[in-house]
Structure formats: C-alpha cells, structure tokens
1. Here are some residues: 74, 31, 64. Which one is small (Gly, Ala, Ser) and free of Cβ contacts under 8 Å to residues at least 24 places away in the same chain?
2. Looking at the stretch 41-59, I want the residues that are under 11 Å from residue 12 (Cα atoms) and have a partner that is among the β-branched types (Val, Ile, Thr) and in a loop (DSSP other than H, G, I, E, B) with Cβ atoms under 9 Å, at least 6 apart or on another chain. Which pairs are those?
3. Tally time: how many residues in the stretch 91-111 are hydrophobic (A, V, I, L, M, F, W, C) and out of contact with any helix residue (DSSP H, G or I) (no Cβ under 6 Å at 6 or more places or on another chain)?
4. Select, from 109, 71, 64, 104, the only residue that is surrounded by fewer than 23 Cβ atoms within 10 Å (Cβ to Cβ) and either in contact with a Gly (Cβ under 9 Å, 6 or more places away or on another chain) or assigned to a helix (DSSP H, G or I) (or both).
5. From the list 24, 56, which residue is surrounded by fewer than 17 Cβ atoms within 10 Å (Cβ to Cβ) and in a helix (DSSP H, G or I)?
6. Of all residues in the stretch 1-21, which are more than 17 Å from residue 77 (Cα to Cα) and outside any strand (DSSP E or B)?
7. (1) buried (at least 18 other Cβ atoms within 10 Å of the Cβ); (2) touching a residue at least 40 places away in the same chain (Cβ under 8 Å); (3) in a helix (DSSP H, G or I); (4) not basic (Lys, Arg): which one isn't true of residue 82, the others all being true?
8. Residue by residue through the stretch 85-101, note down the ones that are of a type in the set (Phe, Trp, Tyr) and either closer than 25 Å to residue 150 by Cβ or buried (at least 18 other Cβ atoms within 10 Å of the Cβ) (or both).
Amino acid sequence: MGDKKMKIAVINETSAADKNADVLAALEGRGHDIINAGMTSSGGDPEMTYIHTGLLSAMLLNLGKVDLVVGGCGSGQGYLNSALQYPNVACGLIQTPLDAWLFGQINGGNCISLALLVGYGWAGDINLKFIFDRLFSLPEFGKGFPPHREESQQASRRTL
C-alpha cells in the first residue's frame with residue numbers, strides 16, 4: 001500500500017513458530033507498526049494452532065486494531081481456511097512475490113497466509129522479503145488487473 005503506514009499483526013502458530021523471526025525481519029524497516037501477536041518459538045505455552053490464530057486474526061481485524069494480518073502455518077492452507085471462516089476477513093495464500101502482487105492488486109485483502117514449512121527451503125527468508133516488497137509496492141489495494149478488468153474485479157471484491 002505504497003506510503004501508507006499500516007498496523008500489521010504477525011501471528012504464527014505452533015508448526016511455524018520458529019519462522020517468526022524471519023517474518024519480522026522481512027517486515028523490518030518498512031515504516032509499519034508491527035504487533036507480534038502469535039507464537040515466537042516452538043514449544044511455547046500456550047500452544048496455538050491455526051484454529052486459534054485464525055480466530056485471533058479475525059478478532060484483531062474486526063475490532064480495528066490492525067489493518068493487515070500476516071499469518072500462516074506449515075503449508076499455509078490450514079491458517080487460510082481458518083481465517084476465511086470469519087466475517088470481514090479477506091485472506092490469500094501467498095507463496096511467491098507474484099502471488100503477493102496479484103493478491104494486493106486484484107483481491108485487495110486484509111490477511112495473508114504464508115507457507116512457512118512446505119517449500120520454505122533455502123533462501124526462504126529472502127523470498128519473504130521479496131513477497132513484502134511486491135505487496136507493499138502497490139499504491140492501493142484492490143485496484144484490479146489487467147486495466148480493462150479493473151471495474152469488474154472491484155465489483156467482485158465488493159460482492160465478496
């Protein structure tokens with residue numbers, strides 16, 4: 001979202017808790033307010049699953065405490081499905097910088113789910129930085145793409 005300062009919650013669950021530092025590092029220096037609301041290391045107590053982190057994400061978004069939630073789990077699928085059960089949560093599974101750009105450009109959501117174990121591998125921390133580079137490069141979320149589909153995509157987003 002370009003130059004807009006955002007309040008962002010990072011919410012890691014138990015299987016991906018050890019990637020919390022990587023997510024925080026990838027968000028560092030971007031001028032946003034970061035709330036680290038989930039698990040910060042594996043084996044923590046209380047142990048949060050993606051069921052818990054999806055609910056916490058929805059609560060923070062619906063209470064207006066944050067503008068964006070960055071969550072995920074091992075594959076990103078469990079957290080995605082959990083978060084999407086709640087009203088006013090528009091979550092996308094983001095695995096690549098192109099996913100991030102398309103999600104922001106077309107879907108204009110307020111929640112992203114990262115796969116923090118499956119396919120994370122070598123240079124996974126660098127991929128996270130690239131993901132956030134593309135996500136935050138957009139002047140506004142939900143504009144639509146390609147240009148001739150902007151109006152249709154904006155209408156679809158409002159319908160959802």
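Bear in mind that the values in this text are calculations on the coordinates, not laboratory data. Computed from a prediction, not measured in an experiment: that's the story for all the values here. Here the Cβ is made from the backbone with ideal geometry for all residues, glycine too, and neighbour counts use every protein chain on show.
1. Details: 74 fails: free of Cβ contacts under 8 Å to residues at least 24 places away in the same chain; 31 fails: free of Cβ contacts under 8 Å to residues at least 24 places away in the same chain.
Testing whether each residue is small (Gly, Ala, Ser) and free of Cβ contacts under 8 Å to residues at least 24 places away in the same chain leaves just 64.
2. So the pair list comes out as 54/89; 57/66; 57/89.
3. To start, the set of residues in the stretch 91-111 that are hydrophobic (A, V, I, L, M, F, W, C) comprises 91, 93-94, 98, 100-103, 106, 111.
Retained after the next criterion (residues that are out of contact with any helix residue (DSSP H, G or I) (no Cβ under 6 Å at 6 or more places or on another chain)): 98, 102-103.
So the answer is 3.
4. On the way: 71 fails: surrounded by fewer than 23 Cβ atoms within 10 Å (Cβ to Cβ); 64 fails: either in contact with a Gly (Cβ under 9 Å, 6 or more places away or on another chain) or assigned to a helix (DSSP H, G or I) (or both); 104 fails: surrounded by fewer than 23 Cβ atoms within 10 Å (Cβ to Cβ).
Within the list 109, 71, 64, 104, the selection yields 109.
5. Numbers: 56 fails: surrounded by fewer than 17 Cβ atoms within 10 Å (Cβ to Cβ).
Sole residue among the options that is surrounded by fewer than 17 Cβ atoms within 10 Å (Cβ to Cβ) and in a helix (DSSP H, G or I): 24.
6. So the first thing to find is which residues in the stretch 1-21 are more than 17 Å from residue 77 (Cα to Cα), and the list is 1-9, 18, 20-21.
1, 2, 3, 4, 5, 6, 18, 20, 21 - these are the residues of the stretch 1-21 that are more than 17 Å from residue 77 (Cα to Cα) and outside any strand (DSSP E or B).
7. (2)
8. Step one: filter the stretch 85-101 for residues of a type in the set (Phe, Trp, Tyr), giving 86, 101.
Scanning the stretch 85-101 gives a single hit, 101.
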